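Colleague: Dropping the structure in here first, questions after.
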Amino acid sequence: MARAGKATSATKQAAAGPTERFFDGLAQRGPEPLLKAGSGTLRFDLTNGGPEEHWYVTVHKGDVTVSHANTEADTVVSLDRALCDKLVTGRANAIASLLRSVMQIRGDLSFFVLFQRLFPGPPRTGGKAQ
């Protein structure tokens, strides 16, 4: 029976988009050294033409939990689902997105700056930079 559960989880993970994979992976990987200096909560409010989607992240000195709670948070990040997919795959930069006003942040900006270090850098193209 345990195998069926794992297979279902693996199937879900394969069918999930980049945002789901990022947040699910964040919750499963254990203490995050890049966040050990901070504690707080973030709520990501994602829009996509339908009901708003929420990712609620709690950080306590590197220990991370993730849920879909729509509750108060120290930092609230509002953005389009497509932009979130780009952020979590390194195809967009969080600070540049904030400066271009395609993403809004309310609350503790410094905590978001700490958290955004978890987003990957740009994907490598394999070619030489010009």
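A short reminder: the numbers here are calculations on the coordinates, not readings from a lab. None of the values given here were measured: they were computed from a predicted structure. Neighbour counts run over all protein chains shown; Cβ positions are idealised from the backbone, glycine included.
Colleague: To the nearest 20 debye, what charge dipole does region 16-118 have about its Cα centre, counting +1 at the Cβ of each Lys and Arg and -1 at the Cβ of each Asp and Glu?
Modeller: Details: 11 positive and 12 negative charges, 79 e Å.
Roughly 380 debye, rounded to the nearest 20.
Colleague: A follow-up question, please. If you take all C-alpha pairs in region 16-118, what percent of them are over 16 Å apart? Mind dumping the intermediate values first?
Modeller: Numbers: 2851 of 5253 pairs.
Pairs farther apart than 16 Å: 54 percent.
Colleague: Please tell me the relative contact order of region 16-118 in percent, rounded to the nearest whole number, where contacts are Cα pairs under 8 Å and at least six residues apart. Walk me through the intermediate numbers first.
Modeller: Details: 172 pairs, mean separation 28.4, N = 103.
Dividing the mean separation by the residue count of region 16-118 yields 28 percent.
Colleague: Within the set of other residues whose C-beta is less than 9 Å from the C-beta of GLY40, count the net charge using Lys and Arg as +1 and Asp and Glu as -1.
Modeller: Details: positive: none; negative: ASP74, ASP108.
Residues close to GLY40 contribute a combined charge of -2.
Colleague: Using the count of nearby Cβ atoms within 10 Å as a rough guide to exposure, how do LYS36, LYS86 rank from fewest to most? Present the calculation step by step, with values, prior to reporting the outcome.
Modeller: Values: LYS36 13, LYS86 19.
Ordered by Cβ neighbours within 10 Å, fewest first: LYS36, LYS86.
Colleague: Scan around GLY38 for amide H atoms under 5 Å from its own, H built in the peptide plane at 1.01 Å from N, and keep only partners 5 or more places away or cross-chain.
Modeller: For GLY38, whose amide H was placed from the backbone, the distant partners under 5 Å are LYS61, GLY62.
Colleague: Moving to a separate point now. What's the percent breakdown of Cα-Cα distances in region 77-130 across 10 Å bins, shortest bin first?
Modeller: 22, 53, 19, 6, 0
Colleague: Amide H of ASP80 versus every other amide H placed in the peptide plane: which residues, excluding those fewer than 5 positions away on the same chain, fall under 5 Å?
Modeller: THR47
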